[in-house]
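One structure is given below, encoded as structure tokens.
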Amino acid sequence: MFTYNVDRIPSAGIAIDGELARDTVTFLLGDHYRPTSTPATIRFELQRRGDNLLVDGETRLEFEFECGRCAETFTREETVPFSLVCIQGAEDAAHAPASDDVDVDGLGEESSFSAAPTEREVHFYQGSALDLEPAISEQVVLALPDWPVCTDDCKGLCPNCGTNLNNEACTCATKGVDPRWAALGTLKAAIGGTLPRS
Ligand SMILES: [Zn+2]
Ligand SMILES: [Zn+2]
């Protein structure tokens, strides 16, 4: 999927507007996310600039995940924009252009994707077959956090009683000392309630 014969890309470029197959989405999302039944969409423009190819677009995915703090299940839609420059050649070859040498300033101006960043990710390909899936999946993986949370200020679960603190308050905090601090209290008692003199 999303493999193109570079030699057949017309000078005017091509525009893709499609759906991502379900197993592709599963692959893109990784371990902590499950795709929903809502189809994932992808659209991008592929343009030729000399030997380089420019790809500007976005993919929209809906997925389920378990919050890393409160363990509730949530559904979220995420739009991941991507902006790539694809260079023919091997990344580790001595003659391959370093990414710093690739002049891509202003190359995104004709893109209809207003959010196209000025800095492009560099993707190397060999021969005349350009497979965009690895480069796009990398952008998706980078855009999604390893440990998703429902909201940045999710209060999580009480470590004592397991109450979801977003929904209700528990009385653990007023009942006694946090067990993590209790050990300090024991230590303080052991040294007679005073700190050692220096
Ligand atoms: Zn949460
Ligand atoms: Zn509690």
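Observations
- You will find that of F74, F82, the residue that is more than 28 Å from A15 (Cα to Cα) and in contact (Cβ under 8 Å) with a residue 40 or more places away in the chain is F74 and no other.
- Given (1) at pLDDT 95 or above; (2) in a loop (DSSP other than H, G, I, E, B); (3) among the small types (G, A, S), number of the condition A94 does not satisfy: (1)
- Against the test of being more than 16 Å from ligand 1 (Cβ to nearest atom) and without any contact (Cβ under 8 Å) to a residue 60 or more places away in the chain, the options N160, N167 yield a single qualifying residue, N160.
- For E19: the one exception among (1) touching a Lys or Arg at 6+ places or on another chain (Cβ under 9 Å); (2) surrounded by fewer than 16 Cβ atoms within 10 Å (Cβ to Cβ); (3) free of Cβ contacts under 8 Å to residues at least 40 places away in the same chain: (1)
- Qualifying position, being surrounded by 14 or more Cβ atoms within 10 Å (Cβ to Cβ), of a type outside the set (F, W, Y) and outside any strand (DSSP E or B), among G68, G57: G68
- Take the conditions (1) among the charged types (D, E, K, R); (2) over 30 Å from T163 (Cα atoms); (3) surrounded by fewer than 17 Cβ atoms within 10 Å (Cβ to Cβ); E45 misses just one of them, which is (3).
- In the range 148-163, of all residues being near ligand 2 (Cβ under 10 Å from one of its atoms) and of a type in the set (S, T, N, Q), the one that is nearest to E62 (Cα to Cα) corresponds to T163.
- Residues (aliphatic (A, V, I, L, M) and in contact with a Gly (Cβ under 9 Å, 6 or more places away or on another chain)) located in the range 16-35: I16
The values are calculated or read from the model by the stated rules, or taken from the named source; none is laboratory data. Because the structure is predicted, anything quoted here is derived from the model rather than measured. No Cβ is skipped: glycine too gets one built from the backbone with ideal geometry, and neighbour counts run over all protein chains shown.
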